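So the structure is just underneath, and the comments pick up after that.
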Amino acid sequence: MADFDPVTKAVVPAAGLGTRFLPATKATPKEMLPIVDKPAIQYVVEEAASAGLLDVLMVTGKNKRSIEDHFDRAFELEEALEAKGDEHRLSQVREPASLATLHYVRQGEPKGLGHAVLCAKHHVGDHPFACLLGDDLIDHRDHLLRRMIEVRNTFGGSVIALMEVPKESVSLYGVATIEPTDEEDVVRVTDLVEKPPADEAPSNWAIIGRYVIDPTVFEVLEQTPPGRGGEIQLTDALRTLAARGPEEGGPVHGVLFRGRRYDTGDKLDYLRTVVKFAADRQDLAPEFVPWLREFLDEIS
Ligand code: UTP
């Protein structure tokens, strides 16, 4: 195996406007919407930490102060819980601040995911890094990020996560043109297109919110003009890298993900996520699941 620079840092872009979830996201970041009793972004930081990435840079923006507060200590609250002897809640309150070393950078204007990633340039430097979208959850039982880091360590370059979606949904995603490799779950990505119309999509393999990216992406992003929607698209920069050889920051590989993924920035997917997570919780399921069954009978 070639000796590639190890991946140690994670970047979590969380500066988007969250227009799909208005009005809830008018003053509250969508990444802070609770999935049962934890904000979505906490699951994302937990995922980075469990893949061994303990240096996490959040890209935040206007109205995102609550994210910083959530991952900070809360002395008054902690004192009150300590005084009550409520050890369980005390450890829950302390947990977010202990998961990883958190850093923050602000994206002055939400000029797209590519622009948000470019804001990480100074912190990341000349090393490969993982990028995890703050509203995209991967079930903790599916070790996608770890597998992507392994693939980067084997092939170098960048690695994206691909999920098969129905033809009629491809226009919501970046879509990849792919070629098989010797590994069943890994493909070579030869081209990428952002949100193509269904009849022009090169495949059904859509990009989801996990990336392991070569640092040459920064230089490419600096040269990438605004694409679809007037935003600087990460997909466009990765498309450039996909066409390059290893000496110039390429290639791009894809990990074909067949596990559980939840887009909590979408209302319907958010509702599904909350119900699924609640049904998986030992403390809630014994009451919640029978209630859900009864409720479904009632409305059917
Ligand atoms: P989305 O495509 O979900 O866009 O961004 P959005 O603006 O946040 O939400 P909608 O579509 O208006 O509802 C994907 C990820 O990229 C981040 C978002 O926070 C999200 O994690 N992002 C997007 C930024 O950090 N900055 C941007 O300028 C755009």
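The values are calculated or read from the model by the stated rules, or taken from the named source; none is laboratory data. Here the structure is a predicted model, which is why all the values come from computation and not from measurement. Cβ sites come from the backbone with ideal geometry, for glycine too, and all protein chains shown count toward neighbours.
Assorted remarks:
- Filter result for the condition that a residue is at pLDDT below 95 and more than 17 Å from the chain's Cα centre (by Cα), over Thr101, Thr25: Thr25
- Some residue of region 196-207 being buried (at least 20 other Cβ atoms within 10 Å of the Cβ), at pLDDT 95 or above, closer than 25 Å to Lys9 by Cβ and touching a His at 6+ places or on another chain (Cβ under 6 Å): no
- Residue in region 84-98 that is under 30 Å from Pro251 (Cα atoms), modelled with pLDDT of 95 or more and not β-branched (Val, Ile, Thr) present: no
- Members of region 235-255 found to be among the basic types (Lys, Arg) and in a loop (DSSP other than H, G, I, E, B), listed by number: Arg244
- The strands (runs of 3 or more DSSP E) found wholly in region 130-188 and carrying at least 2 residues that are of a type in the set (Gly, Ala, Ser) occupy 158-164, 174-180.
- All of Val165, Val93 fail the test of being more than 19 Å from the chain's Cα centre (by Cα), more than 22 Å from Gly61 (Cβ to Cβ), surrounded by fewer than 23 Cβ atoms within 10 Å (Cβ to Cβ) and not charged (D, E, K, R), apart from Val93.
- Subset of region 122-135 [out of contact with any Pro (no Cβ under 8 Å at 6 or more places or on another chain) and at pLDDT 95 or above]: His122, His123, Ala130, Leu132
- Some residue of region 61-81 being of a type in the set (S, T, N, Q), in a loop (DSSP other than H, G, I, E, B) and within 16 Å of the ligand (Cβ to nearest atom): yes
- Here Arg152 fits the description: away from the ligand (no atom under 14 Å from the Cβ), surrounded by 21 or more Cβ atoms within 10 Å (Cβ to Cβ), among the basic types (Lys, Arg) and at negative phi.
- Hits in region 189-226 (condition: in a loop (DSSP other than H, G, I, E, B) and out of contact with any Gly (no Cβ under 8 Å at 6 or more places or on another chain)): Pro196, Pro197, Ala201, Pro202, Ser203, Asn204, Pro225
- Figure legend. Inter-residue proximity from region 80-101: first residues within 24 Å of Thr8 (Cβ to Cβ), second residues among the aromatic types (Phe, Trp, Tyr) and surrounded by 10 or more Cβ atoms within 10 Å (Cβ to Cβ), beta-carbon distance below 8 Å, spacing 6+ or different chains. Indicated pairs: Pro96/Phe71; Ala97/Phe71; Leu99/Phe71.
- Against the list (1) within 16 Å of the ligand (Cβ to nearest atom); (2) closer than 15 Å to Val12 by Cα; (3) assigned to a loop (DSSP other than H, G, I, E, B), the condition Glu109 fails is (2).
- Cβ separations smaller than 8 Å between residues 6+ apart or across chains give the following pairs from region 220-241 residues that are touching a residue at least 24 places away in the same chain (Cβ under 8 Å) and farther than 21 Å from Gly254 by Cα to residues that are among the β-branched types (Val, Ile, Thr) and assigned to a helix (DSSP H, G or I): Thr224/Thr240; Gly227/Thr235.
- Residue among Leu118, Leu132 that alone is closer than 24 Å to Val12 by Cβ and in contact with a Lys or Arg (Cβ under 7 Å, 6 or more places away or on another chain): Leu132
- Of the residues examined, Val36 is one that is among the β-branched types (Val, Ile, Thr), surrounded by 14 or more Cβ atoms within 10 Å (Cβ to Cβ), more than 16 Å from the chain's Cα centre (by Cα) and more than 12 Å from the ligand (Cβ to nearest atom).
- Qualifying residues in region 18-33 (those that are polar (S, T, N, Q) and assigned to a loop (DSSP other than H, G, I, E, B)) - the one nearest to the ligand (Cβ to nearest atom): Thr25
- Selected residue [touching a Phe, Trp or Tyr at 6+ places or on another chain (Cβ under 8 Å) and either part of a strand (DSSP E or B) or within 16 Å of the ligand (Cβ to nearest atom) (or both)] from Val45, Val12, Val56, Val7: Val45
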